[in-house]
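The values are calculated or read from the model by the stated rules, or taken from the named source; none is laboratory data. Predicted model only: the values in this text are computed from it and were never measured. Cβ placement follows ideal geometry from the backbone for every residue including glycine, while neighbour counts extend to all protein chains displayed.
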Amino acid sequence: MLEISGKHPDITDEELLLLYKSKGSLDTLGELYSRYMHLVYGVALKYLGDRDEAKDTVMQIFEKLITDLPGHEVRNFKSWLYVLTKNHCLMQLRSQKSADGKMEGYKTEQEFMESEQDLHPLDKEDHSMEEALKDCIEQLRSEQKQCIDLFYYKKLCYQEIAERLGMNEKKVKSFLQNGKRNLKICLERTYVS
């Protein structure tokens, strides 16, 4: 079994995770988390738009790891942490809007809660796919392309997209679902060949 007495850059995330789960050492968790604090800060800043709130989120996520991590089977810590942070920020935005009584136009919990396995290529932070993704988006039908662009890149909700494109929300959901499926097929074809 590994023993941690300081920083060990040669130890993998998986090894640190196993060590934390077996020993419960906050130093071990801190070492693992420190590798990705910049990611957490960046995601929080992107969603919350405020540096102080983003800094607070970095601390809140660490506290959340202490309670949540032992109960989860995590295969890829970085991806899991990204989803955890994203969902935390969205919940924070939701509670702020709820407190203001202005929930209209925001996604429901079911629409934005995701698990690491459900991440679509548009949600993953893999810049090596960016060019292939752009090419695949260009191949989509016009309505699918518009809905994908407005939902993933412009961050609009179903209702806003429906209003902008003059269609009902069910059509928007259908175009998004079909567009995502077609993108997945296109990307798989691109990476297999």
Residues that are of a type in the set (Lys, Arg) and at pLDDT 90 or above, drawn from segment 52-75: Lys55
Among (1) over 30 Å from Tyr153 (Cβ atoms); (2) small (Gly, Ala, Ser); (3) loosely packed, with under 13 Cβ neighbours inside 10 Å - the single one Gly49 does not satisfy: (1)
Any hit, segment 116-127, residues being part of a helix (DSSP H, G or I) and at pLDDT 85 or above: no
Residue selected from segment 76-108 under the condition at pLDDT 85 or above and basic (Lys, Arg), by the criterion farthest from Ser34 (Cα to Cα): Arg94
Any pair with Cβ under 6 angstrom, 6 or more apart, that starts in segment 22-43 at a residue that is free of Cβ contacts under 8 Å to residues at least 40 places away in the same chain and ends at one that is of a type in the set (Val, Ile, Thr): Thr28/Ile4; Met37/Val58; Tyr41/Val58
Residue list for segment 45-99, filter: within 23 Å of Glu14 (Cβ to Cβ), charged (D, E, K, R) and assigned to a helix (DSSP H, G or I): Glu63, Lys64, Asp68, Lys78, Lys86
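A quick yes/no check of all residues on (1) buried (at least 16 other Cβ atoms within 10 Å of the Cβ); (2) in contact with a Cys (Cβ under 9 Å, 6 or more places away or on another chain):
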{"residue": "Thr57", "(1), (2)": "yes, yes"}
{"residue": "Leu65", "(1), (2)": "yes, no"}
{"residue": "Asp68", "(1), (2)": "no, no"}
{"residue": "Arg75", "(1), (2)": "no, no"}
{"residue": "Trp80", "(1), (2)": "yes, no"}
{"residue": "Val83", "(1), (2)": "yes, no"}
{"residue": "Met91", "(1), (2)": "no, no"}
{"residue": "Arg94", "(1), (2)": "yes, no"}
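Conditions tested, residue by residue: (1) under 24 Å from Lys46 (Cα atoms); (2) surrounded by 15 or more Cβ atoms within 10 Å (Cβ to Cβ); (3) not aromatic (Phe, Trp, Tyr).
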{"position": "Gln144", "(1), (2), (3)": "no, yes, yes"}
{"position": "Tyr152", "(1), (2), (3)": "yes, yes, no"}
{"position": "Cys157", "(1), (2), (3)": "yes, yes, yes"}
{"position": "Asn168", "(1), (2), (3)": "no, no, yes"}
{"position": "Ser174", "(1), (2), (3)": "no, yes, yes"}
{"position": "Lys180", "(1), (2), (3)": "yes, yes, yes"}
